[in-house]
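Engineer: Structure provided below as structure tokens; questions to follow.
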Amino acid sequence: GDVYKRQRIDRVLKQPIGHMLLVGASGVGKTTLSRFVSWMNNISVFQIKAGRSYSVLDFDEDLRTVMKRSGVKQEKICFIFDESNVLSTAFLERMNALLASGEVPGLFDGDEYTSLINQCREAFQKEKEGKLIDSEEDMYKLFISYVQRNLHVIFTMNPSNPDFSNRTASSPALFNRCVIDWFGDWTEEALTQVAKEFTKNMELPDLGFVEKVRADWNKNENIDEIKHNILAVSYTHLRAHETREEIVCRLLLEKK
């Protein structure tokens, strides 16, 4: 329920480099719960205001703002980014880079870079109590480390969006740098697909399967495939008392 999801978000927001991908239909409370847990932890919430005239340049400016707040001022921030804000592929490319390395290539160039280094020098010298940081490179690295420590990104996505399945290939950091949580119920088909994936390489004896397989067996079908289908369905029913996350974790452990 909501308590469990609140605990998961809370746990991630307390970790350095803690990011989340919340997946669920519109209106299930992904953004509301994220804002609430951020408020509980005294973390500022940042969201872009993407209107018709909002451009990549505007997005770059917002990214510079949120990174300076988290990296220079060391303000703890939760950046809630909904897929409806993805007005072009460039938006996701930038967010993917931010998740992967804590920086966006080319975001701070020329005068922007000079201004950033000056702000860092003033802020970090006070913090370091007179200990000098000589090079601009070291100053910038320290800035990025503070961004990674203080900035948390929460993506909210709707699985019914036709582009959802393409996100894995185009933005790998969304999936390998984020804790993923699903809002709403899984269909029986989805649960069975997960079970089939994790049991497909298991060696299955005939005992216990023979009569059922013989009854359902179409000679044009592979008998081993039928056996695995039965096993997968059994998993989803026998483990109905578990949460989805517990099922996946247990299957992963059993697979090892």
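Engineer: Among (1) in contact (Cβ under 8 Å) with a residue 40 or more places away in the chain; (2) touching a helix residue (DSSP H, G or I) at 6+ places or on another chain (Cβ under 8 Å); (3) over 27 Å from GLN125 (Cα atoms); (4) open to solvent by 40 Å² or more (accessible area, probe 1.4 Å), where does LYS76 come up short?
Structural biologist: With respect to (1) in contact (Cβ under 8 Å) with a residue 40 or more places away in the chain; (2) touching a helix residue (DSSP H, G or I) at 6+ places or on another chain (Cβ under 8 Å); (3) over 27 Å from GLN125 (Cα atoms); (4) open to solvent by 40 Å² or more (accessible area, probe 1.4 Å), LYS76 is out only on (3).
Engineer: Same structure again: Of all residues being open to solvent by 80 Å² or more (accessible area, probe 1.4 Å) and either aliphatic (A, V, I, L, M) or under 20 Å from ARG11 (Cβ atoms) (or both) in the range 157-196, which is modelled with the lowest pLDDT? Just the residue, please.
Structural biologist: ALA169
Engineer: Within the range 52-70, count every residue that is touching a residue at least 40 places away in the same chain (Cβ under 8 Å) and either among the aliphatic types (A, V, I, L, M) or over 14 Å from GLU112 (Cβ atoms) (or both).
Structural biologist: 4
Engineer: Another question about this same structure. Condition (residue is open to solvent by less than 50 Å² (accessible area, probe 1.4 Å) and of a type in the set (D, E, K, R)) applied to the range 82-97: is it met by at least one residue?
Structural biologist: Among the residues of the range 82-97, at least one is open to solvent by less than 50 Å² (accessible area, probe 1.4 Å) and of a type in the set (D, E, K, R), which makes the answer yes.
Engineer: Taking the range 33-44, which residues are under 17 Å from the mean Cα position of the chain (by Cα) and open to solvent by 20 Å² or more (accessible area, probe 1.4 Å)?
Structural biologist: Of everything in the range 33-44, those that are under 17 Å from the mean Cα position of the chain (by Cα) and open to solvent by 20 Å² or more (accessible area, probe 1.4 Å) turn out to be LEU33, ARG35.
Engineer: For a quick check of your reading of the model, give me the residue pairs whose first member lies in the range 1-16 and is over 25 Å from LEU98 (Cα atoms) and open to solvent by 80 Å² or more (accessible area, probe 1.4 Å), whose second is not in a helix (DSSP H, G or I) and not polar (S, T, N, Q), with beta-carbon atoms closer than 9 Å and at least 6 apart or on different chains.
Structural biologist: ASP2/GLY29
Engineer: Determine whether the range 52-73 contains at least one residue that is buried (at least 18 other Cβ atoms within 10 Å of the Cβ), of a type outside the set (Val, Ile, Thr), modelled with pLDDT under 90 and within 25 Å of TRP39 (Cβ to Cβ).
Structural biologist: no
Engineer: Scanning the range 18-32 for residues that are of a type in the set (A, V, I, L, M, F, W, C) and open to solvent by less than 20 Å² (accessible area, probe 1.4 Å), which turns out nearest to VAL153 (Cα to Cα)?
Structural biologist: MET20
Engineer: Considering (1) without any contact (Cβ under 8 Å) to a residue 60 or more places away in the chain; (2) surrounded by fewer than 18 Cβ atoms within 10 Å (Cβ to Cβ), say which one PHE124 fails and leave the rest.
Structural biologist: Going through the list (1) without any contact (Cβ under 8 Å) to a residue 60 or more places away in the chain; (2) surrounded by fewer than 18 Cβ atoms within 10 Å (Cβ to Cβ), PHE124 breaks only (2).
Engineer: Please go through the range 144-156 and give me each residue that is over 18 Å from TYR4 (Cα atoms) and either open to solvent by less than 70 Å² (accessible area, probe 1.4 Å) or at pLDDT below 85 (or both), ordered by number.
Structural biologist: ILE144, SER145, TYR146, VAL147, GLN148, ASN150, LEU151, HIS152, VAL153, PHE155
Engineer: So ILE117 ticks every box in (1) open to solvent by 30 Å² or more (accessible area, probe 1.4 Å); (2) β-branched (Val, Ile, Thr); (3) at pLDDT 85 or above but one. Which box is left unticked?
Structural biologist: For ILE117, the failing item is (1).
Engineer: With the range 1-94 as the region, which strands (runs of 3 or more DSSP E) entirely inside it contain at least 1 residues that are among the aromatic types (Phe, Trp, Tyr)?
Structural biologist: Filter on the range 1-94 gives 44-46, 77-82.
The values are calculated or read from the model by the stated rules, or taken from the named source; none is laboratory data. The model shown is predicted, which means the values in this text are computed figures rather than measured ones. Every residue, glycine among them, receives a Cβ derived from its backbone with ideal geometry; neighbour counts consider all protein chains shown. In case anyone asks, the SASA skips ligands and DNA or RNA and just uses the protein heavy atoms, side chains included. Shrake-Rupley method; radii C 1.70, N 1.55, O 1.52, S 1.80 Å.
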